[in-house]
Structures are given as C-alpha cells and as structure tokens.
Amino acid sequence: MKSNCQLNEQIPGGIIARLGERVSRLSFRVGAIVLGLSLFSLALAPGQVWAAPKYNANETKALKSFDTPRNDPSNNLNWDTSPVYDHAWDGVTWVDVGGGDYRVKEIAIFARELFGNLNLNSLASLTSLDVRFNRLTALDVTNNAALERLDVQRNDLTALDVAKNSALTSLNVFSNQLTALDVSRDVALTNLDVSYNQLTVLDTSHNAALARLVVDGNRLTVLDLSKNTNLTYLSLENNHLTALDVSSNPALKMLGVGDNRLTALDVSNNTALKLLNVDANKLPLSQLYQFMRTAHLCLSSQNGVIPPGLVGHKLSPNKVYDLSSEMEFNGVTTVFSLTFNNIKATNGEEYSLSPTGELVFNQPGLYQITMTNAAIHDQGVFIAKVATVTTEELKVGP
C-alpha cells in the first residue's frame, strides 16, 4: 500500500498549494457563515425560526443580466447570484418590503470599469444609484420613480432621461458627453451638477428647491436664475456667458463665474456672499473694486482681468483706449505702472497715459499693465496682459 507521502509526491507542489488555498478559503467562508448564523440565532426570539432572505426573482435577474463579460470584462462585480447573505451582492443594499420580500434599495458600483448599457427599470424600490467612474454609454432609469440620488459622473453618456424621476434630490452628471438635459420635472432637486458636458441650454426655472448648481465647462451663453431663489452655491465657470442676473439669488454664499465673457456683474443684492471668482472676464477695474467692498468677499484671482477697451490679446498701437472709469475709486487715484517686453515702460515713450484716462501704446510688443488703488486696502492690485501689433498684422493674423 502506498503511503500518503508517496501519493503527494505524484502531485505537483503548485497544485497542492492551490488546493490548500481553496480549502482554506472554503473553510473560512463556511466558518464565517456558521459564525454569522450562530450570532444571528442569538438575536432570534424564542420559537422564532431564521429563514434566508428571499431576494426578488425579477430584481436578481436584472442584476445578473448586467454581470456579464461584455459589461464587466474585468469581473469586478463578481456577484453571487444565489447568496445566503446580501453581502454576497457587493455594492448592493437590499431592503425587506414586507413578508420577507427583499428588493434593491441602493447600488454603489463606482470605479468598476463597467461598460455598455445599464437598465434598472425593474428595480422599483431603488432610491440611490452611484455608478461614477465607469464607461457606461447608456443608462435607463425611466421606471425608477423612487430614485432620490443619481451619480453618473465620469462616464460616456450622450443622453439621460430623468423626466420620470420626480423624487430626485441630487443629480450629478459631471464629465459625460451630454448635449441636452431636461430637469423640468425634477422639482425636488436641491443639488445639480452638470459640469463638463456639451450643454448650450439649461432650463432650471422649474427647480425652485435648488441650493447647489454647478454648470462649469459647458457652452452656455445665457442662464435664467430668477426662479432659483434658494441657491447658496453657484458655479458657472468656463462658459460663454456675456451677462448674468443674480439679483433674485440673495442667499448666494459662493459665486464662480470665471472664464466667461462678462462685461458687468451686479452683486449688490447678494449680501450673503463669502466667495466670488470673476477671473478672466471683461469686467472693469472699478466694478471689481465694488465687489471688494462687499463684506467678507474674497476675489480668488485677479490675474487676467482686462478693462473695457483692452479686451483680447492683440491691440493696435497708436489707437486711443479709454480707461477713464479706472482712474479713481472713492476719491482715491489709481496708480498705473506698465512694462514693455518685460522691461519697465516710461509714460511718454513706450506708452502715453493722460490724467483723464486716455491710453495709447506707442510701439508693437508685449505690455503688462498693473493698476493699484489704496482705497481697496491690500487687495487692490489688478494686472492685465496684452500684446500690441500693427494694424496690418491685425488684418492677417489669426
């Protein structure tokens, strides 16, 4: 009779090691289940019999239909479709809706390298869905009327229908490829982030409950905020806005409108403002001074702010530019200093600036204009950088 050691010698050591690992994992899993059952049995009332949760068949089928090599090529979901405990459904939270009937309440499967179309229409009890940081190209939640929170940021969606999700309070579609989004029926929304898509229009007139709105990195030229009176946080940076009315938003604490095309902005009715970013617009220096008079207001950056008449990067020498509105503030004269090609420039030589604010660049080249006003304590310094070229160059240049 062969001994056990002789038998083992006929099996490669690697296989023995893998078998040992599998036995260990199986033993651990069985032990965990037994321990869980033992602890659970202690919580049962006398005479009460424990029964495994009955996961709704239609909902398990819906989840299983997405857990495929096509949608999950890296097998990151790894759902056990015949579980004893709901923790076998990693990222899925179940709820007993009565009679031991368990339905999906929440799904959090972010950053799983998931692809394709996700259809969750059969999950009637779903209240929260987090699928951010994946590669989904389509998402169907048209029958998920109970959905309150939806986060699909950083996917590849080109369209999203939320017209039937009237319970939504939070919607985040940051960094997708949406060209349109209708939220007119999502009247419960308090938080909406549509930043870095390709939107040219956004209608928030039906979203009176909005407290936070982020629309950065789109292509909006106008936005009506007259119905959004509860806004406290508004960020519209990197759009194409030429005008903005925030007079109906007195609760605003943060306003970001950097990298737009604004030539004026009235914040006199926004007395709760704590932070304002107007960097890289076309606002006059005198108006920026008015912003700074607002209590607790902080301008995040002044670099790149160019007064009217100095808009753009290419200007013509020997042309008069009007800076009369920038010459003083609260009776204090603004101090101008210029450099030409990174060397200190002299009034009357490289440029000419009259006491009434008529500015002429006398030579083609790179100018930097620094404007300072002592009435604005230590924050009253603004810088504009412009390049002047000849009239002929302006005609043929890009």
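The values are calculated or read from the model by the stated rules, or taken from the named source; none is laboratory data. Keep in mind it's a predicted model, so treat the numbers as computed, not measured. Using ideal geometry, Cβ is built from the backbone for each residue, glycine included, and neighbour counts are taken over all protein chains shown.
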Fill in the blank from the handout: The residue from ARG112, ARG132, ARG185 that alone is buried (at least 18 other Cβ atoms within 10 Å of the Cβ) and farther than 27 Å from GLY258 by Cβ is ARG112
Problem - Selected residue (only one of LEU199, LEU241, LEU210, LEU252 is part of a loop (DSSP other than H, G, I, E, B), touching a Ser or Thr at 6+ places or on another chain (Cβ under 8 Å) and either closer than 17 Å to LYS274 by Cα or not hydrophobic (A, V, I, L, M, F, W, C) (or both)) - result: LEU252
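In this structure, is GLY357 surrounded by 14 or more Cβ atoms within 10 Å (Cβ to Cβ), modelled with pLDDT of 80 or more and among the small types (Gly, Ala, Ser)?
yes
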Problem - Filter pass, ASN144 being exposed (fewer than 15 other Cβ atoms within 10 Å of the Cβ), assigned to a loop (DSSP other than H, G, I, E, B) and of a type outside the set (D, E, K, R) - result: no
Practice task
Find the residue count for region 320-375, including only residues that are part of a loop (DSSP other than H, G, I, E, B) and under 19 Å from LEU283 (Cα atoms).
Solution key: 6
Practice task
Scan region 107-117 for residues that are in a strand (DSSP E or B), within 22 Å of the chain's Cα centre (by Cα) and not β-branched (Val, Ile, Thr) and report the count.
Solution key: 2
